[in-house]
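Let me begin by presenting the structure, written as structure tokens, before commenting on it.
The values are calculated or read from the model by the stated rules, or taken from the named source; none is laboratory data. Fair warning: this is a prediction, and the values are worked out from it, not measured in the lab. Cβ placement follows ideal geometry from the backbone for every residue including glycine, while neighbour counts extend to all protein chains displayed.
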């Protein structure tokens, strides 16, 4: 990796790598933040932030962290840092990596290994950076908790738009991940912009809307203390309410939390599971449970593969500062960006449907074919039923909800589809006169060809 590219401003270069500090230092930083900024604490940050670099209107130098300015609408004056590998893939994926309180975009770059993984797999990493005094992301204001409402989410969306325009990036493969305040922002981004993000991964976060305040405060003690509990539907409605009227596919979510988190208490882990299983329309009963390493309990919901609709990892005896090297690789596996399981590419799937109808009902036989070159491990087939149709039963998948934008999720025996292979599923539905088949399908959020 070239860290000394002469085309990169000195303020964008990094001489050494720094990893998140110990949990003790993180807690000190957290307490200082609470006392001085009434804000969320997390891993200690590098003091200060580089002076702004020159305005960039085109591609940035490769293999170096570079600031981009003048990237679009930016109501809260965020800063944008970008890492583009030397061997970026055609139509690359984009990973938005969101820092902790008291941190910055360069700190997130230094403290995680997403850039080195980008060198390996060819995606682009975007690092938003807060400039307000607390260095915490706005996850509490009414503006932040609705699509296009203003504040940090709007600025981050502008950054994503700049990257997709400049690099012809794949808009179906945009992902978010964050630590602490960044994890909270990951929840917010997936709620505000479900049409933008394919998936997210939150390390030590809280559900969308949990930190909401109306008095201008950045801090919500009830949420941080784990005392806010809601039903799955109530949590789901909060997330869905950020973008009223949206009926398309929803992003998948991976959730990480330590049982001894003393900054954002452990009950927030379960509340996030409630929220995102409800958003995905899947059961809160795990489809599978395992221990990928000592002290970890991983549960998957709505599917058993590496890209289940919801995946949750509980770390026994671990505090707030849980992120460690190696976890980013597991995030990429969940996103489908590693070599072992890339996400389906546009046109890498084909769907054919045969409908048999009678006066008030119908059956639809659906064949899903993997036309790509890699195995699909865990799938969700999204489609919108014509008006007046309601699913009354089905086979080969679970179907939720029963009308409107429906997601068919694999069952235990047909989650893997090898290249060139197919699965057959189907459903029975009532109708009010329109017995047509759905017009379009998506596989794990990516459009399929019609057969």
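Assorted remarks:
- Residue tally, condition within 23 Å of residue 187 (Cβ to Cβ), touching a helix residue (DSSP H, G or I) at 6+ places or on another chain (Cβ under 9 Å) and not in a strand (DSSP E or B), over segment 100-129: 11
- Exclusive hit being modelled with pLDDT of 95 or more and surrounded by 18 or more Cβ atoms within 10 Å (Cβ to Cβ), set 343, 364, 397, 348: 364
- Residue satisfying all of: in segment 153-206; more than 13 Å from the chain's Cα centre (by Cα) and more than 24 Å from residue 67 (Cα to Cα); surrounded by the most Cβ atoms within 10 Å (Cβ to Cβ) among these: 204
- For segment 389-422, residues that are under 18 Å from residue 310 (Cα atoms) and in a strand (DSSP E or B) total 10.
- Options 160, 156: the member that is touching a helix residue (DSSP H, G or I) at 6+ places or on another chain (Cβ under 7 Å), within 24 Å of residue 110 (Cα to Cα), in a helix (DSSP H, G or I) and assigned by TED's automatic domain parsing to the domain that holds residue 130: 156
- Residue in segment 237-246 that is touching a strand residue (DSSP E or B) at 6+ places or on another chain (Cβ under 6 Å), closer than 27 Å to residue 314 by Cβ and not in a loop (DSSP other than H, G, I, E, B) present: no
- Considering only residues in segment 247-272 that are touching a strand residue (DSSP E or B) at 6+ places or on another chain (Cβ under 9 Å) and farther than 15 Å from residue 203 by Cβ, the one that is surrounded by the most Cβ atoms within 10 Å (Cβ to Cβ) turns out to be 252.
- Which numbered condition residue 264 misses (of (1) closer than 18 Å to residue 181 by Cα; (2) in a strand (DSSP E or B)): (2)
- Of the residues making up segment 197-217, one or more are outside any loop (DSSP other than H, G, I, E, B), under 18 Å from residue 284 (Cβ atoms) and modelled with pLDDT of 95 or more.
- First in segment 164-177 and closer than 16 Å to residue 328 by Cβ, second anywhere and part of a strand (DSSP E or B), Cβ under 6 Å, 6 or more apart: 175/95; 175/199; 176/96; 176/200; 177/97; 177/201
- Within segment 130-153, the set of residues being assigned to a loop (DSSP other than H, G, I, E, B) and on the phi > 0 side of the Ramachandran plot comprises 135, 148, 150.
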